[in-house]
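Participant: Starting off with a structure, shown below.
The values are calculated or read from the model by the stated rules, or taken from the named source; none is laboratory data. What you are looking at is a predicted structure, and each value in this text was computed from that prediction instead of being measured. Note that we place each Cβ from the backbone using ideal geometry, even for glycine, and neighbour counts take in every protein chain shown.
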Amino acid sequence: MALLIYSIVYLAIIVFFFFVIRRIVSYLNNPIHVRWELYPVAHEGKRASYGGSYLEDVDWWTKPREKSKIGELKVMIPEILFLKAVWEYNRPLWYVTFPFHFGLYLVVAFIGLLGIGAVAQLAGITIGSGSALSSAVAALTNLFGPLGFILVIGGAIGLIYKRMTDPGLRKYTSAEHFFNLGLFIVTMGSASLTWLLVDPNFHFARTFIANLISFNMELIHSPLFNLQILLAAFTIAYIPITHMSHFFMKYFLYHDIRWGDEPNIGTPETDAKINIVLNYPVSWSASHIAGHGKTTWAEVATFNPVAEPEASTNKEKE
Amino acid sequence: MNKDLQINDVSKNTEKLATVKNEDLMPLPADFEEKAWADIPEETKGKYVCILDDVNILQIPIPKTVEEEEELVNKFINGMRKLFTKENNWTFLSMLETTMEHCAKCNTCSDSCHLYEATGGNEMYRPNYRTEIFRRIYKKYVKKEPFSRWRNGDIDLNWRTVARLGEMAYRCNICRRCAQTCPIGADNALVAREIRKIFSQELGITVPELHDKGSMMQLKTGSSTQMNKIVVRDNVEFIDEDFSEEFGYDFKTPWDVEGADILLIHNAGEIMAWPENIAAFSMIFQAAGISWTLSSDLAAYDSINYGVFYDDVQFARTAILQAQAAKKLGVKKIVLGECGHAHKALTVIADRVLPEGLKTPRESCFPLLRDIVMSGKIKFDPERNNFPVTLHDPCNVTRLMGIIKPQREIMHKLCPQFREMHPNGPHNYCCGGGSGYAIMSRNNIPEWRFKVTGRKKLEQILNAFSDSRGPEIPKYVCAPCSNCKGQLRDLFERYQLLEKEKLTYSGVVELIVNAMVDVKPGFIKWGEE
């Protein structure tokens, strides 16, 4: 039984990372895309405050570019932590989606604290006694876990309610939306019950993680605890397979697309990438593209299907 | 009917999917009478599929047999498959895939859409409605995702679904205001453009104003206006003479000057519709002592690039011709005149299309104009512009390029009564002519541009002049983009805003020249005065 439970958890972690990495690699393997930025672009330094860009300068390609990582953080932190865009543009939804997401962040922090506690435990330090740091880890673990469970459950119930009752949202809601939210309610519900009935100081949880780290497959003798572990394992493995993978893909949607304003000036690596895509074969069928004996993007894009004699002659002279 | 519209209604055998009723329209801060929709002409109805709503834009031939219906569906699916290959769609694959995979369907984008707001929340105009249909087709028939029906919702794919989706791709200005509000970064406006691409690049079904009379005409004659190099030079020469004489300022527009610092590319529509814009640029550049030229090479005297609206291949062909002209002249840079989509097309999108050797730097005219105005090289009398002025931000220049301040610095220096409309800058609203509609006057399309797409802009303009309403005070909307001006021209005419509000529109350069001390007063006119 112990072997089965630990194996499932190991497998879930592997599946999680496999799909996360697969999505990221798949995105990174896509060819170069055209620029499609959207302002305000957060790293534009002082200009970001009003949505400006380096293109506001005459001879912009000769000027040093101010690219502010701090500016990106100033946008990303409120966006990630507090869902600023939903707050600004969809306030009724924010009241339920914010607790859901913030609860998840607390749960992630809770698992991280459990991990720290587990390592400490393996090092012979008992969490919650002795040093101030150890006590802080214990206190935060005890705070973040239950608070996270409650916020996730409350938020998920609220989201289900919104998706069922808001006519605009209802028609865009699939069975998967309800399943996902239901899964979080059940998983966090089992975690809450385990905390309330079996593991009030998360000693079992910390020990379980220590066992995972040390490959010590010792059974925790609590059916409720083990049920919670199995549900959590399934949820962890399941998330990156769904649209919820936006939690990490958002990085690319923002940094590579929305803020992807890197100009192609003095960038031989960009030219090399453009050279690759211009040699891709084109198979679009419309008559203004196909049927002229041109096969690559470079050939198709430099071919004028309606060139008049003079233009053709000019081209030949060049 | 419109609010209850379901995703799967798109596939049903009904006469129309949706309609926009006058009583549902967003109220305006003035009392304008709205008429009932004019019928789509029988000739159009007899040839093209008109089953979406009250308007027809995309000309999809009516399938006459079951085989033709199936052919339409199969070709569309083939096109969609190609759209998700790197070879055929390296340009936008990353953006499209991420939008397909990561949208949470939270509808946070809905209220940002001026069409959705103008129609009183008509479901068909919700930014995600079109995307959701597209996504369900993709997941079920192209990606063939396991449990797709359960995961994404089902869709019945038939010729009506395809035809309506194609037409629906032309119910969006592609202003990308929706994308700006998305917490995740999904882009519903892009999906509209990608659907347009399938129809154009795979099915060969296009909008005549954009394709046959647009990008193809530009590739054939050099300009969508049909002006060839001889005609365009004659017309500009006439503009030079006419404006020199009228305003007592002798100037000459240079053509094909090898080694000039700047190749200026105008939207050639200005030459036909707003010659004062062409004259103003020439007067300012001459007064500032700038080394510049126009080019008479194919497509290089017309900055338009309608491929941006519907077709990547046509986009690339036009951009390359314009870049080749710059290379041939040996200029130091290309400067784009007052045309928003041309700005975006050649400066930004073409940045990763133009190969090495064709990368002459490109920039907007607005920073250059700002520097000229601030340089002290030209004497100005701002009192000549002492009337209420507001600034319309072309989406392509502001939201999509981040050029916000230069034009404002000019306004603040030369226009004593300048006031912003709200919201503005990168958060502006589209004029309603964006993504090609400004040049469409076929059938009842203008009605749709007035009632639906231009409604929010009209509200913004009227609100910007709330302290100076009425025909006694002349007012000016600075709209530095040809497409936007075309939309405002038609909008103002429809609602008689010149007569009722003494409201006119034009660009930035007209305000600059109007304030030039060396030019006779009265460059800006209200009507036929």
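Participant: Please specify each residue of the range A:81-103 satisfying the condition of being surrounded by 17 or more Cβ atoms within 10 Å (Cβ to Cβ), assigned to a helix (DSSP H, G or I), without any contact (Cβ under 8 Å) to a residue 60 or more places away in the chain and aliphatic (A, V, I, L, M).
Facilitator: A:ALA85, A:VAL86 - these are the residues of the range A:81-103 that are surrounded by 17 or more Cβ atoms within 10 Å (Cβ to Cβ), assigned to a helix (DSSP H, G or I), without any contact (Cβ under 8 Å) to a residue 60 or more places away in the chain and aliphatic (A, V, I, L, M).
Participant: I would also like to ask the following. Identify, please: which residue in the range A:55-80 is assigned to a helix (DSSP H, G or I) and facing another protein chain (nearest Cβ under 8 Å) and is, among those, farthest from B:VAL397 (Cα to Cα)? So that I can check it myself, show each step before the final result.
Facilitator: Within the range A:55-80, the first condition is being assigned to a helix (DSSP H, G or I), and the residues that meet it are A:55-56, A:60-62, A:69-80.
Narrowing the set further to residues that are facing another protein chain (nearest Cβ under 8 Å) leaves A:55-56, A:60-61, A:79.
Numbers: A:LEU55: 10, A:GLU56: 10, A:TRP60: 15, A:TRP61: 18, A:GLU79: 26 Å.
It comes out as A:GLU79.
Participant: In the range B:285-326, which residue that is closer than 29 Å to A:VAL282 by Cα and of a type in the set (S, T, N, Q) is farthest from the chain's Cα centre (by Cα)?
Facilitator: Only one residue fits best here, namely B:GLN324.
Participant: Can you tell me which residue within the range A:26-62, out of those that are closer than 17 Å to B:ARG362 by Cα and aromatic (Phe, Trp, Tyr), is surrounded by the most Cβ atoms within 10 Å (Cβ to Cβ)?
Facilitator: Filtering first and then ranking leaves A:TRP36.
Participant: Same structure again: Where in the range B:324-392 are there strands (runs of 3 or more DSSP E), lying wholly inside it, with at least 2 residues that are within 14 Å of chain A (Cβ to nearest Cβ) and aliphatic (A, V, I, L, M)?
Facilitator: Hits in the range B:324-392: B:333-336.
Participant: For the range B:117-148, give me the residue count where each residue is among the charged types (D, E, K, R) and either assigned by TED's automatic domain parsing to the domain that holds B:ARG455 or in contact with an Asp or Glu (Cβ under 8 Å, 6 or more places away or on another chain) (or both).
Facilitator: Selection size over the range B:117-148: 5.
Participant: In the range B:462-479, which residues are out of contact with any strand residue (DSSP E or B) (no Cβ under 8 Å at 6 or more places or on another chain) and at negative phi?
Facilitator: Matches in the range B:462-479: B:LEU462, B:ASN463, B:SER466, B:ASP467, B:ARG469, B:PRO471, B:GLU472, B:ILE473.
Participant: Can I ask one more? Name the residues in the range A:43-54 that are within 27 Å of B:LEU96 (Cα to Cα), at the interface with chain B (Cβ under 7 Å from one of its Cβ atoms) and either without any contact (Cβ under 8 Å) to a residue 24 or more places away in the chain or not in a loop (DSSP other than H, G, I, E, B) (or both), would you?
Facilitator: A:GLY51, A:GLY52
Participant: Might you check whether a residue that is over 25 Å from the mean Cα position of the chain (by Cα), away from every other protein chain (no Cβ under 14 Å), under 23 Å from A:ILE209 (Cα atoms) and not hydroxyl-bearing (Ser, Thr, Tyr) occurs anywhere in the range A:102-118?
Facilitator: So far as the range A:102-118 goes, yes, one or more of its residues are over 25 Å from the mean Cα position of the chain (by Cα), away from every other protein chain (no Cβ under 14 Å), under 23 Å from A:ILE209 (Cα atoms) and not hydroxyl-bearing (Ser, Thr, Tyr).
Participant: In the range B:432-450, what residues are under 15 Å from the mean Cα position of the chain (by Cα) and not in a helix (DSSP H, G or I)?
Facilitator: The answer is B:GLY432, B:GLY433, B:MET440, B:SER441.
Participant: Here is a follow-up. Being part of a helix (DSSP H, G or I), in contact (Cβ under 8 Å) with a residue 40 or more places away in the chain and either within 26 Å of B:SER112 (Cβ to Cβ) or not basic (Lys, Arg) (or both) is the filter here, so list the residues in the range B:405-429 that pass it.
Facilitator: Listed by number, the residues that qualify are B:PRO406, B:GLN407, B:ILE410, B:MET411, B:LEU414, B:PRO426, B:HIS427.
Participant: Something else: Would you please name the residue that is surrounded by the fewest Cβ atoms within 10 Å (Cβ to Cβ), looking only at residues in the range B:97-115 that are under 21 Å from the mean Cα position of the chain (by Cα) and facing chain A (nearest Cβ under 10 Å)?
Facilitator: Taking the range B:97-115 and keeping what is under 21 Å from the mean Cα position of the chain (by Cα), we get B:109-115.
Add one more test, that the residue is facing chain A (nearest Cβ under 10 Å), and what stays is B:109-112.
Working: B:CYS109: 27, B:SER110: 23, B:ASP111: 17, B:SER112: 22.
The qualifying residue surrounded by the fewest Cβ atoms within 10 Å (Cβ to Cβ) is B:ASP111.
Participant: Within the range A:169-184, count every residue that is within 21 Å of the chain's Cα centre (by Cα) and of a type outside the set (Gly, Ala, Ser).
Facilitator: Total meeting the criteria: 9.
Participant: Of the conditions (1) more than 8 Å from every other protein chain (Cβ to nearest Cβ); (2) touching a residue at least 12 places away in the same chain (Cβ under 8 Å), A:PRO268 fails just one. Which one is it?
Facilitator: Only one criterion is unmet by A:PRO268, namely (2).
Participant: Could you tell me which of the residues B:SER200, B:SER224 is among the hydroxyl-bearing types (Ser, Thr, Tyr), within 14 Å of chain A (Cβ to nearest Cβ) and either without any contact (Cβ under 8 Å) to a residue 40 or more places away in the chain or closer than 15 Å to B:ALA268 by Cβ (or both)? Before the answer, list the steps.
Facilitator: On the way: B:SER200 fails: either without any contact (Cβ under 8 Å) to a residue 40 or more places away in the chain or closer than 15 Å to B:ALA268 by Cβ (or both).
Criteria check complete, one pass: B:SER224.
Participant: For the range A:275-282, indicate whether the set of residues that are surrounded by 18 or more Cβ atoms within 10 Å (Cβ to Cβ), in a loop (DSSP other than H, G, I, E, B) and facing chain B (nearest Cβ under 7 Å) is non-empty. Lay out the reasoning, then the answer.
Facilitator: Start the filter on the range A:275-282 by keeping residues that are surrounded by 18 or more Cβ atoms within 10 Å (Cβ to Cβ), which leaves A:277-278, A:280, A:282.
Now drop any that are not in a loop (DSSP other than H, G, I, E, B), which leaves A:280, A:282.
Subset that is facing chain B (nearest Cβ under 7 Å): A:280, A:282.
Yes, the range A:275-282 contains a residue that is surrounded by 18 or more Cβ atoms within 10 Å (Cβ to Cβ), in a loop (DSSP other than H, G, I, E, B) and facing chain B (nearest Cβ under 7 Å).
Participant: Go through the range A:15-42 residue by residue and tally those that are more than 7 Å from chain B (Cβ to nearest Cβ), of a type outside the set (D, E, K, R) and closer than 22 Å to B:LEU190 by Cβ.
Facilitator: 5
Participant: Quickly run through the range A:213-237 and pick out the residues that are within 19 Å of A:THR141 (Cβ to Cβ), in contact (Cβ under 8 Å) with a residue 40 or more places away in the chain and buried (at least 17 other Cβ atoms within 10 Å of the Cβ).
Facilitator: Result: A:GLN228, A:ILE229, A:ALA232, A:ILE236.
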